[in-house]
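Every number in this text was worked out from the coordinates using simple rules, so none of it is lab data. Quick caveat, the model's predicted, so the values are computed rather than measured. When we count neighbours, we look across all protein chains shown, and the Cβ atoms used for this are built from the backbone with ideal geometry, even at glycine.
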């Protein structure tokens, strides 16, 4: 059975971040919410930048590398 959890990482302009384990059925709304409600925060999904927020291209590359080591396997709802 395929893992139904996606690892998302929200990265703020000061480079602090939060992680979430998001169910596949919630992923689209999670991404939409982050783009609308947290416009300065970048969002990475399963190691790839889905929304760049206020990060520079260099910061995005740095976090894409860092994200590969962060994998969640449990739902962390309610999401932050």
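General remarks:
- Förster radius 22 Å - calculated FRET efficiency between residue 23 and residue 52, Cβ distance, rounded to 0.05: 0.35
- Take the convex hull of the alpha carbons in the range 8-49; its mean projected area over all directions comes to 2.7 nm².
- q = 0.11, 0.24 Å⁻¹, the chain: log10 I(q)/I(0) [Debye, one scatterer per Cα]: -0.24, -1.14
- Ranked by the mean number of other Cβ atoms within 10 Å of their residues, highest first, the peptides 34-46, 54-66 come out as 34-46, 54-66.
- Full extension of the chain between residue 62 and residue 4 gives 18.3 nm of extra length, using 0.36 nm per residue less the Cα-Cα distance.
- Hull shadow area, averaged, the range 35-80 [alpha-carbon convex hull, nm²]: 3.5 nm²
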